[in-house]
1. Out of the residues in region B:78-121 that are of a type in the set (S, T, N, Q) and closer than 29 Å to B:Thr266 by Cβ, which is surrounded by the fewest Cβ atoms within 10 Å (Cβ to Cβ)?
2. Scan region B:141-161 residue by residue and report those that are in contact with a Gly (Cβ under 9 Å, 6 or more places away or on another chain) and more than 7 Å from chain A (Cβ to nearest Cβ).
3. Select, from A:Ala89, A:Ala66, the only residue that is in contact with a His (Cβ under 6 Å, 6 or more places away or on another chain), surrounded by fewer than 24 Cβ atoms within 10 Å (Cβ to Cβ) and facing chain B (nearest Cβ under 10 Å).
4. Just wondering, is there one or more residues in region B:130-140 that are farther than 22 Å from B:Tyr164 by Cα, part of a helix (DSSP H, G or I) and touching a Gly at 6+ places or on another chain (Cβ under 7 Å)?
5. Can you find, within region A:172-213, the residue that is surrounded by the fewest Cβ atoms within 10 Å (Cβ to Cβ) among those that are over 26 Å from A:Val40 (Cβ atoms) and touching a strand residue (DSSP E or B) at 6+ places or on another chain (Cβ under 6 Å)?
6. State yes or no: is A:Val125 part of a loop (DSSP other than H, G, I, E, B), farther than 16 Å from B:Gly162 by Cα and more than 10 Å from chain B (Cβ to nearest Cβ)?
7. Tell me, which helices (runs of 4 or more DSSP H) lie completely within region A:141-260 with 2 or more residues that are under 17 Å from B:Leu26 (Cα atoms) and within 12 Å of chain B (Cβ to nearest Cβ)?
Amino acid sequence: MTDVASRASLESLLMNRSLSDVELMRASGGAPDYAILPEVSVLKIGGQSLIDRGRAAVYPVVEELAAVKRSHQILIGTGAGTRARHVYALAAELGLPTGVLTDVGAAVADQNAQMLGYLMARHGVPVVGGSAFGALPLYLAGCGAVIFSGMPPYDMWQRVPTEGVIPPYRTDAGCYLVAEVYGCRNMIFVKDEDGLYTANPKTDPRATLIPEITVEELIARDLPDLIIERPVLELMRRARYVRSVQVINGLRPGLIRRALAGEHVGTIISAA
Amino acid sequence: MTSTLSHSEPFFVAKDVPSALMRQTLLDRELLRPVDRPVIPLLPWLNVVVIGGRSIMDKGSEAIVPVVAELHEALLEHRLLILTGPGIRGRHVLGVGLDLGLPTGVLAALASAEAEQNGHLIAALLAEQGVSYLPHAATAHQLAVHLMASRAAVSNGYPPYGLYEFPPEVGKIPPHRTDTGAFLLADAYGAARIIYVKDVDGVFTSDPATTSTSPPELISRASAAELLARNLDTLPIDPLVLELMAHAKHQKQIQIINGLTPGAITKALQGEHVGTIIYAD
């Protein structure tokens, strides 16, 4: 079909069919993909894995971020961490729904974004959220980096998990979706392990590092624990821009710069 | 280097708050079980009424005025959260956005603005009765006080996913739209019921508007799984709602009614079986 014809057909399907119509959904996939910020990389700084460790872990990461932003444009998202775990446990015990947990958990990622923001203020890095996202290009052009709170804004509309009430889409998903919607170059999860292991290396001494794996293999292996939120894997399968992510160890100096340069220094997870 | 931060005491000890989930990845299914408790309904007296964009709003005053009149009567007796869909302008902005190559998250934010505008119209028509339009944040955090001060409030049926909308399985149309947003919100609040006001009597075996051969039959009651399995091309509700019903904490049934039939909204709010009732298995 010619471009003009396919465009006419998409427009007529849009006006006449249900938005769940298979033909319409397929036709919408034929629309062009315009990457909004294709040169930008998203870095997620872990809450429990890094920020909760205090200055021993955070100061070196801040220095590295301040250095890399001279040569790379970066969006820095924050995780939540131990206070989110406390408030999730408390709220779940009270019988509160996933939506309320999402809201209170978001506040913890916000606090972490604020703290990181104060530490990076002298480097000119602002903290932005919500409607201020419209000014991202200005901040990135001006200083090369922006900090945002990693929790997605799902609030009372968060999808409920199959079991229990813990919000399934948390800061890994939030940061990943920011990278995807802006069509970013890299999505790097900065945590406190060298990458993804066969089990949780903090509790299982037999766990071994998996340097590279596809989303399909990872879903098929159904590991008991995971360093990245499971729903991110499903999002990656459907993604149009960010088809691979890297998980690196922020406690090891220099890895953020190397990962931004495209080096394989942690675990690379890719959608086939 | 005066600007360099000092980190002379390299102790990699995390500062923890003791809790049942402390130090967990929150991804280990076994470890999450201890905090699994029944969820309490926050607003068990709430009635969620979803006004379709294409089905009601786009039909103009002919359809909207009687629906609003019925809602006006109903709010004397029931506490209502009225949610609206975007309709034809949502389709238009999706079309423009798709043509420009914009991603799903941007399309979601654009379409959501149209659902909001339809909400403002309904709220304006009910303002005299103390009904206001609430933006997402107020709907999530101040709904209780609004519904104590007034019998009803109007909000945006679209969920506030915006830029954080999921890439869909197929194509680029945002997957979480009005029907789904309303369902997730009703479930989070533990609402008494959710009623979808459309322009058909419910779910039909084939499209009542186009079928000429075998007369379409109304399915008055069906399970969500059964309807999904039948893969009907005439479903008047987003199939994602039927998928989500399986794991919903409270919303184990939904009702689809015809807003063009006088009295249908009133009957549904009184618990009468009009239209189609879909239940979780």
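1. The selected residue is B:Gln117.
2. B:Ala149, B:Ser150, B:Arg151, B:Ala152, B:Val154, B:Ser155, B:Asn156, B:Gly157, B:Tyr158
3. Matching residue, one of A:Ala89, A:Ala66: A:Ala66.
4. no
5. A:Leu209
6. When the stated conditions are applied, A:Val125 passes them.
7. A:171-181, A:230-238
Residues are listed down the side, and each one gets a yes or a no for (1) outside any helix (DSSP H, G or I); (2) of a type in the set (A, V, I, L, M, F, W, C):
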site	(1), (2)
A:Ser9	no, no
A:Ser12	no, no
A:Leu43	yes, yes
A:Gly47	yes, no
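The values are calculated or read from the model by the stated rules, or taken from the named source; none is laboratory data. Model, not experiment: these values are computed from the prediction. Don't worry about glycine lacking a Cβ; one is built from the backbone with ideal geometry, like all the others, and counts go over all protein chains shown.
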